[in-house]
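Enquirer: Please find one structure pasted underneath; my questions will follow.
The values are calculated or read from the model by the stated rules, or taken from the named source; none is laboratory data. Keep in mind that what you see is a predicted model, and the values were worked out from it rather than measured. When we count neighbours, we look across all protein chains shown, and the Cβ atoms used for this are built from the backbone with ideal geometry, even at glycine.
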There are 2 protein chains.
Amino acid sequence: MIDLLEQGTNRPRIDFKIVIGILGGLTFFLGLSLLAPLGVALIYNESSWQAFLFTAVPAMILGASLFYIFKPQYELRMREAFLIVSLTWLLGSLIGAFPFTLSGTLHSYTDAVFETMSGLSTTGATILGGVTSDGIQNPAIEDIDKSLLFWRSLSHWLGGMGIIVLTLALLPLLGIGGMQLYKAEYSGSTSDKLTPRIQETAFLLWSVYVGMTGVQFLLLWVHPSMDWFEAINHAFSTLATGGFSTKNGSVAGFDSVYIDVVITVFMFLAGINFAMHFRLLSGDTKSFFENREIRFFSLLTVLFTVLVSGGLWLIDNYEFGDALRYGSFQVVSIITTTGFGTDDYALWMPFASFLLFLLFFSGGTAGSTGGGIKMIRILIILKNVVREFRQIIHPQAVLPVRLGNRIIESSILKNILGFFVVYFIIFGIGALIMSLMGYDFMSSMGASIASLGNIGPAWGEFGPTDEYAGVPYIGKWVLLMLMMIGRLELFTVLVIFTPWFWKN
Amino acid sequence: MIDLLEQGTNRPRIDFKIVIGILGGLTFFLGLSLLAPLGVALIYNESSWQAFLFTAVPAMILGASLFYIFKPQYELRMREAFLIVSLTWLLGSLIGAFPFTLSGTLHSYTDAVFETMSGLSTTGATILGGVTSDGIQNPAIEDIDKSLLFWRSLSHWLGGMGIIVLTLALLPLLGIGGMQLYKAEYSGSTSDKLTPRIQETAFLLWSVYVGMTGVQFLLLWVHPSMDWFEAINHAFSTLATGGFSTKNGSVAGFDSVYIDVVITVFMFLAGINFAMHFRLLSGDTKSFFENREIRFFSLLTVLFTVLVSGGLWLIDNYEFGDALRYGSFQVVSIITTTGFGTDDYALWMPFASFLLFLLFFSGGTAGSTGGGIKMIRILIILKNVVREFRQIIHPQAVLPVRLGNRIIESSILKNILGFFVVYFIIFGIGALIMSLMGYDFMSSMGASIASLGNIGPAWGEFGPTDEYAGVPYIGKWVLLMLMMIGRLELFTVLVIFTPWFWKN
Ligand SMILES: [K+]
Ligand SMILES: [K+]
C-alpha cells in the first residue's frame, strides 16, 4: 500500500488525486456512521434526526463521488499518507460538527468543531454547559438530545478505531517517534508494501476492540443505575480512552462503586496495546504478561495509585476505602488519558494532586487508544538513563539500551528524543498562547497538556468540573489543533508544514 | 591528572587517601578565603571577625594537616574525581556555614548551610528576612554584618571560579551530559592526562574572570548610589550569576537605570563561556562571534526580551522605556540563572510572566558560571528535531546533526537525552517533595527548578520578593541538595549513588 521508495513512476511528487479519492472514501464512511445517531434520534423521537440526515446524506454522496472520480489506481506513498491521515481528522471534525449546529444545539460552528475534534481525537474536552466568550450559554450535557450524546461517544469510538490501526499498521512504516519499533512486530513484514497485511491486521484488532466494548457494555448494563443507552455510551468512551459522559458530573453522576470498578478496569485495559489483547485472547499469555511496556504501565499505575490513595487517606483525610476508590479511578483515568472523573482532583491537597499532574505527562501503551507520550517512550528513555550512568563509569564499554532481548538502536533513541522535544515545545507554545489570552499558569499549562495529551479535563479554570466554553474562539482552534497534533503522534501533522515535505 | 584507563596499579578501586588529601587542600583554601570577610569585619569594626577567625583557622590547620598526611602521590582517577568534586561543594557549605551561626546571625545551622550552599552553587536563594518553620525570625539582609554580606557574595564568586574550571577542564574528560563536546576544544588534548594543561587553562580562565569582575566593580563604583562595598559585592554576584544582593529589594533597591544596564550587560557576559571571553580578549573575534552557542544564546535573549517587554508594554501597560528596562533585566537575569531582580515578575500578567517561567528551563552557555540546562544542549536537541523531520521525509538518507562544521555523534545525543531526562526527573521529585510539605503547584515547581537550575527566586510563595525561611528544615536540605546536583551537572553527584560506582 505504501511505496516508500517512490521509484519508477511518472506521477507527481504528491498525487492529490489519490489523496482526494481516499478522503472521499473516508467521508462516505463518516456519513454512513452518522446514520447510527440518526437511528438513536428516531428511537427517542428527537427532531435532531434531520440534522443527522442532512449531514449524512451529502457526506455520503460527496464522499462516494470523490472516491469514484479519483479512484485510487496507484500505491499510496508516504507524503500522501501523511496528508490523508492529518486531513481525515480535520475533515472528520469539520463535517461531524454539522449535526451540533444544524440541530440548533450549538450556536457556534467553532464550538461544534471543537466538540467533534475532541471526540474524534479521543480527548473528551467539552464546551457544553458553559458560557462562550461572546456570552452564549451552551446547553448542559444532560440537556442535549440523546442522539447528539450518542454521536459524541461514537466519535470517540471511531477515533479510537482509527488510532489503533494507524499506530500499529501505518506509523511504524512512516518512522514516527520510535513507532518503527513495531515495524516487524505488528505489520508482519519489514518490506515496504503491506496491502494484504494491513487489512487483515485491522480486522483482527477491530474485532478485539468491538468485543471488549461489548463486554463492558454488558457489565455496565446489568447495573440498575445504567440503561442500555448510558451503558453503550460509556463503553464507547472507555474503550476509546475518550472521556465524554452522558452525565454533567461525568462518572461521579452514577455514584456506584460497581460502575467505578468496571470503568477503572476497562480504562486500564483500553490503555494497553490492542495487538497484545489479540495475542492474549489467542492464548498467547506469555507475550502479554512478559511485555515490558505492559509491565511498566502496570507498575506505574500501581505505584501512583498507592501514592495518590495514600495521600488522599493520610493528608486529605479520606476514609481508606474512599481513598482507594477515588485514587485508583483518577490515576487510571489520567494515566490512560481517558479523563473520566469521579472526584475533583483539583481540590485535593498538593501531594495527591501534584502526583496526578505528573501523570498528565504519561499516556497509555503504544497501540492502545490512549494519547500522550506513552509508556514505551518513557521506558526507553529511562533505560537510556541507566545506560548513561553505567557509561560514565565504563567510558570504553559499548553499552546498548535493551528492551527485553531487543537492542534499541541509536536511531530510535534519536526519534524518541525528537518526539519529547517537539512534545514539550508544542506544549509550551500552546500554554503561551493560552497565557496570552489572560489565563493563569495552571489553566494555560493544563489546557495545553490536556489537549495535546488527549486527556480532556485539566487544571485551574479547566478543572474536571469545568468546561472550555469560555475560551476565545481563536483559542478553541488552537486547542483543537493541539488535540489533532497530539493524537497523530505530532510528526504526522507537523511534517506537512516543513519545506522538505513539498520539495525533494 | 586523570588516569581514565586505570591500568597498571595495585591501588584500591577508590583511593580514599587521595580524596581526603585533595579535600584537605581545598579546605585549607576555603579557610584562607574566609580571611577576606574577616578583613571586612575588621574594616567595619564588626564583632563577627571572631566567627570568621574561629572558622578560618581550624579549617586551615585541619585542611593543611590532611593534605600533608595524605599528600597525593598518584594520578587522580575518575571515581576519585567524582567524589572530590561533589564533596567539595558539600564540605564547603558545611564549613562555610559556621560564620553565620558563630556570629549569632542565624540560629539554625540548616539555614546557615542552605545560605552557604546557595552561595557556593551560585543559586542566590536566601533564608534571610523571613520566619522559619519553628518560628525564628531571621534578620533581614540589610540588618546583618557587612562581613557576612561579603562572605555571601564571595561564596558566589568562589563557586563560579570552581565551576568554570570544572566545566571546561574536568567534566569534558568525565563524559558528563554532552560536555565531552569540549574535550578537544578546551582541554587541549584528547589524551587522558592533562596535568600541565588543566593548570594553565585554569589560570587563563581565572584571569579573565578576575578582570571582568574588576571592570564591573569600577563601572558600579563610579555611580553615586554604590559605595565600594556594594560595588564589589554586586560584581562578585554578577560574574558568578549568583544573585545575592546587599539590599533587601535586590538591585531594585538602587533604582538606577545606569546600574540596571551595567548589571544586565555583565549578567549577559557572565552567561557566556569564559574560554570564549579569553579568545575574544586574545583578539580572536571570529571564534567568539561565530560560536553557534553564543549566537543562539544572544538570539534567545533578544527574542525573549522583545516578547516580555512587548507583553509588559501592551498587556501590563508599562511605559515603553520601563517595559524595555524591566523586561530586559528580568529576561537576562533568568536566562543566565542569576536571579537578581528589579521588578516582581510574579505580579506580571500571564503572558510576560509565563515567558519568564519558560526561561527557568534554559540557562547560559556551557563554560559560563550560569546553571540550568544550558544553551548548547537546547541547541543540539533542536537541531536533532530538524534532522528528525528531514529523516521522516528521507528515510533512507544518513542525516547527522551538525553544529557548524562539526558532526554531533549519536553518543553525545544520547548523553544529552540522558541529561534532560534526569533533569526533569529530579525537578519532578523535588517539586513532589515540596508538594508533600503542603506547597501549591507553582511554589513547589518553582522552588525545585529555581534550586536545580541555580536561579534562586521562584514563584508562588518563593517569588522574587519572598525568601525560603519558612520551608521545613528537611525541605531546606532537599533544596540545597538540588542546588548541588544541578550545579555539578547532575551526573557528577548522582553517579556516586549508583552500584556501578562502587564495584567493577
Ligand atoms: K481522553
Ligand atoms: K543564581
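Enquirer: Scan (1) under 18 Å from B:LEU26 (Cα atoms); (2) at pLDDT 95 or above; (3) β-branched (Val, Ile, Thr) for the single condition B:ILE164 breaks and write down its number.
Expert: (2)
Enquirer: What residue, of B:ALA125, B:ALA112, B:ALA59, B:ALA81, is surrounded by 19 or more Cβ atoms within 10 Å (Cβ to Cβ), within 15 Å of B:GLY21 (Cα to Cα) and modelled with pLDDT of 95 or more?
Expert: B:ALA59
Enquirer: Next question. Which of the residues belonging to the stretch A:400-418 are aliphatic (A, V, I, L, M) and more than 10 Å from chain B (Cβ to nearest Cβ)?
Expert: Residues satisfying the conditions are A:LEU403, A:ILE407, A:ILE408, A:ILE412.
Enquirer: Against the definition (more than 14 Å from chain B (Cβ to nearest Cβ), without any contact (Cβ under 8 Å) to a residue 12 or more places away in the chain and under 23 Å from A:LEU170 (Cβ atoms)), how does A:SER287 come out, yes or no?
Expert: Criteria met by A:SER287.
Enquirer: May I ask you to say which residue of A:GLY363, A:GLY370, A:GLY311, A:GLY327 is more than 14 Å from chain B (Cβ to nearest Cβ), touching a helix residue (DSSP H, G or I) at 6+ places or on another chain (Cβ under 6 Å) and either surrounded by fewer than 24 Cβ atoms within 10 Å (Cβ to Cβ) or of a type outside the set (Phe, Trp, Tyr) (or both)? If you could, list the steps in order and put the result at the bottom.
Expert: Values: A:GLY363 fails: touching a helix residue (DSSP H, G or I) at 6+ places or on another chain (Cβ under 6 Å); A:GLY370 fails: touching a helix residue (DSSP H, G or I) at 6+ places or on another chain (Cβ under 6 Å); A:GLY311 fails: more than 14 Å from chain B (Cβ to nearest Cβ).
One residue alone meets the criteria, A:GLY327.
Enquirer: While we're looking at this one, here's another question. Need a quick list: helices (runs of 4 or more DSSP H) entirely within the stretch B:64-155 having at least 1 residues that are under 15 Å from the mean Cα position of the chain (by Cα).
Expert: B:78-96, B:109-120
Enquirer: Just wondering, is there one or more residues in the stretch B:340-350 that are over 30 Å from B:THR246 (Cβ atoms) and either within 11 Å of chain A (Cβ to nearest Cβ) or acidic (Asp, Glu) (or both)?
Expert: Yes, because at least one residue in the stretch B:340-350 is over 30 Å from B:THR246 (Cβ atoms) and either within 11 Å of chain A (Cβ to nearest Cβ) or acidic (Asp, Glu) (or both).
Enquirer: How many of the residues in the stretch A:262-320 are farther than 24 Å from A:LEU205 by Cα and of a type in the set (Phe, Trp, Tyr)?
Expert: Residues in the stretch A:262-320 being farther than 24 Å from A:LEU205 by Cα and of a type in the set (Phe, Trp, Tyr): 4 in total.
Enquirer: Among the residues of the stretch B:253-282, count how many are within 16 Å of ligand 2 (Cβ to nearest atom), over 18 Å from B:LEU154 (Cβ atoms) and either of a type in the set (Gly, Ala, Ser) or within 14 Å of chain A (Cβ to nearest Cβ) (or both).
Expert: Of the residues in the stretch B:253-282, 1 are within 16 Å of ligand 2 (Cβ to nearest atom), over 18 Å from B:LEU154 (Cβ atoms) and either of a type in the set (Gly, Ala, Ser) or within 14 Å of chain A (Cβ to nearest Cβ) (or both).
Enquirer: Here is a list of conditions, (1) small (Gly, Ala, Ser); (2) out of contact with any His (no Cβ under 9 Å at 6 or more places or on another chain); (3) touching a residue at least 40 places away in the same chain (Cβ under 8 Å), and B:GLY124 meets all of them except one; can you say which number that is?
Expert: (2)
Enquirer: Are any residues in the stretch A:340-350 touching a helix residue (DSSP H, G or I) at 6+ places or on another chain (Cβ under 6 Å) and part of a loop (DSSP other than H, G, I, E, B), and if so, which ones?
Expert: A:PHE340, A:GLY341, A:THR342, A:ASP343
Enquirer: Suppose we filter A:SER333, A:SER353 for residues that are facing chain B (nearest Cβ under 10 Å) and not in a loop (DSSP other than H, G, I, E, B); which single one remains?
Expert: On the way: A:SER333 fails: facing chain B (nearest Cβ under 10 Å).
Being facing chain B (nearest Cβ under 10 Å) and not in a loop (DSSP other than H, G, I, E, B) holds for just one of A:SER333, A:SER353, which is A:SER353.
A quick yes/no check of all residues on (1) under 17 Å from B:GLY214 (Cα atoms); (2) at pLDDT 95 or above:
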residue	(1), (2)
B:PHE236	yes, yes
B:GLY242	yes, yes
B:THR246	no, yes
B:ILE259	yes, yes
B:PHE268	yes, yes
B:HIS277	yes, no
B:LEU280	no, no
B:LYS286	no, no
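Enquirer: Select from the stretch A:349-392 the residues that are free of Cβ contacts under 8 Å to residues at least 60 places away in the same chain and in contact with a Ser or Thr (Cβ under 7 Å, 6 or more places away or on another chain) and list them in ascending order.
Expert: A:PRO350, A:PHE351, A:PHE354, A:LYS374, A:PHE389
Enquirer: Would you confirm whether or not the stretch B:401-418 contains a residue that is hydroxyl-bearing (Ser, Thr, Tyr) and in contact (Cβ under 8 Å) with a residue 40 or more places away in the chain? Spell out how you get there, then give the answer.
Expert: Let us first name the residues in the stretch B:401-418 that are hydroxyl-bearing (Ser, Thr, Tyr), namely B:410-411.
Filter again for in contact (Cβ under 8 Å) with a residue 40 or more places away in the chain, leaving none.
Looking for residues that are hydroxyl-bearing (Ser, Thr, Tyr) and in contact (Cβ under 8 Å) with a residue 40 or more places away in the chain, one finds none in the stretch B:401-418, hence no.
Enquirer: Is it the case, given these coordinates, that B:LEU452 is closer than 19 Å to B:SER118 by Cα, of a type in the set (A, V, I, L, M) and within 14 Å of chain A (Cβ to nearest Cβ)?
Expert: no
Enquirer: Where the second residue is among the charged types (D, E, K, R) and the first is more than 7 Å from every other protein chain (Cβ to nearest Cβ) and lies in the stretch A:419-448, which pairs have Cβ atoms under 6 Å and are six or more apart or on separate chains?
Expert: Cβ pairs passing all conditions: A:SER443/A:GLU461.
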